[in-house]
1. Among Val58, Val74, which is touching a Gly at 6+ places or on another chain (Cβ under 9 Å), under 19 Å from Val4 (Cα atoms) and open to solvent by less than 50 Å² (accessible area, probe 1.4 Å)?
2. Quick one: what pairs do we get from segment 5-17, first residue acidic (Asp, Glu), second modelled with pLDDT of 95 or more, C-beta under 7 Å, 6+ apart or different chains?
3. So how many residues does segment 212-248 have that are open to solvent by 60 Å² or more (accessible area, probe 1.4 Å), at pLDDT 95 or above and among the polar types (S, T, N, Q)?
4. Starting from residues that are of a type in the set (Ser, Thr, Tyr), out of contact with any Asp or Glu (no Cβ under 7 Å at 6 or more places or on another chain) and in a loop (DSSP other than H, G, I, E, B), keep the ones in segment 1-50 and report whichever is most open to solvent (accessible area, probe 1.4 Å).
5. Among residues belonging to segment 358-389 that are in a helix (DSSP H, G or I) and in contact (Cβ under 8 Å) with a residue 60 or more places away in the chain, point out the one that is nearest to Phe332 (Cα to Cα).
6. Considering only residues of segment 7-62 that are farther than 15 Å from Val82 by Cβ and polar (S, T, N, Q), which is nearest to the chain's Cα centre (by Cα)?
7. Conditions: (1) open to solvent by 50 Å² or more (accessible area, probe 1.4 Å); (2) not in a helix (DSSP H, G or I). Ile157 meets all but one. Number of the miss?
8. When you check Gln188 against the structure, is it under 29 Å from Cys38 (Cα atoms), open to solvent by 60 Å² or more (accessible area, probe 1.4 Å) and not charged (D, E, K, R), yes or no?
Amino acid sequence: MPTVRLFHTDPYRRSFSARVLSCVPAGDHWAVELDQTCFYPTSGGQPNDLGTLGGQPVRDVREEEGTGRILHIVDRPLEGEVQGEIDWQRRLDHMEQHSGQHLLSGAFERLLNAATVSWHLGTETCTVDLDIGALTPEQVEAVEWECNRVIRSALPIIAHLADEESVRSMPLRKPPKVQGQIRVVEIQGYDWSPCGGTHVRNTAELGLLKIKSWEKYKQYTRVTFLAGSRALRDYFFLDRMTRDLCRSLSIAVPSLPDYIRRTQEEVSSLRRQAKVLQERLLEIEAEDLLASQSQRVGGAQVVRAVFGGRPLDELKLLAAKVAAHPASVAVFGTRGAIPQIILARSVDLPLNMGAIIREVLPLIDGRGGGSPLQAQGAGRRPEALEAALDQAILLISAALR
């Protein structure tokens, strides 16, 4: 005789007593079959319940494929009569999300003719995948308003057990995947869907449904949403964060968007000014390097320098500033566990910096490349950096003879 599924007749029931029908090893655990259970097994996109059975934590609840047997996974074997207690907060959360999914899918189909092809109930958010190419913010907002209108209408959510003939007369949102007796969950007069999951009694118990985001996913559109307590907690978090942020900025909440816009404009302006100043400082530094640290090599001014603790992009720009002067070459290195070499030359010199760096990089066990004007590479032998820079200068001297 199959296990009586108490979660179908009363999804609000939290505890029960049952008789153990079988208890067999399941890896490091034991799989227990009962004559009746309140524990919902993972099925139809809804995760399993957790709780205790015979005083032990229930690690998993599975429905055996083919037989329909419900197996409760526990740490130690059980026998005789046992007491079960489900984790009510987890069950209630799953009921809210599952009922919210039915409502959301029904609204998308009614308003946009977008069918739900799959859904996922995660630990923090839920998603539905829709057979629609794209969504606009206006469409999403319309669906969200519709869902919350139905929530305020307090429509009963009813589970029907029907045979195949009766099911054919119902306006199902999707066809059933099973034959014989079929369980159909109805949001009264609004949505009908074959479903074996647990649901709240009426839409008002959801309180709130919120669409958080939507994106292209394969050929579908994936919508992320929250329902019930999840949506309310999310609202509390965002409201508290907004109030705290505005308090720290000494502005009113309605002023926040305009404040952010003005701040972004100011930051962009400051970044542009900082870039101009950085360019000018690097030009001055390049002039100073040419005046104080350059050496004459075959008619060119070569600046050989080793830096530590400076961003690579900044050093590349500094090398370019040196190379902006006539008959000038930058031969730069960086200290550290991963030594870097940067070479740059002015346009009036007959040098191929890409070819030169390919010759010196083996000295630091490195790789890289570049163009005739500028090249760079990194290696794994910091102790050989100085020798590599010296070798680069010898190659430059030979090329300029």
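1. Working: Val74 fails: under 19 Å from Val4 (Cα atoms).
That would be Val58, the only listed residue that is touching a Gly at 6+ places or on another chain (Cβ under 9 Å), under 19 Å from Val4 (Cα atoms) and open to solvent by less than 50 Å² (accessible area, probe 1.4 Å).
2. none
3. 1
4. Thr42
5. Across segment 358-389, the extreme among qualifying residues is Leu389.
6. The first filter runs over segment 7-62 and keeps only residues farther than 15 Å from Val82 by Cβ, leaving 7-14, 24-29, 40-50, 59-60, 62.
From the residues that got through so far, the ones that are polar (S, T, N, Q) too are 9, 42-43, 46, 48.
Working: Thr9: 37, Thr42: 24, Ser43: 24, Gln46: 21, Asn48: 23 Å.
Across segment 7-62, the extreme among qualifying residues is Gln46.
7. Failed condition: (1).
8. So Gln188 fits the description; yes.
The values are calculated or read from the model by the stated rules, or taken from the named source; none is laboratory data. Quantities reported herein were computed from a predicted structural model and do not represent experimental measurements. Cβ atoms come from the backbone with ideal geometry, glycine included; neighbour counts cover every protein chain shown. The area values use the complete protein model at the heavy-atom level, side chains included, leaving out ligands, DNA and RNA. Shrake-Rupley method; radii C 1.70, N 1.55, O 1.52, S 1.80 Å.
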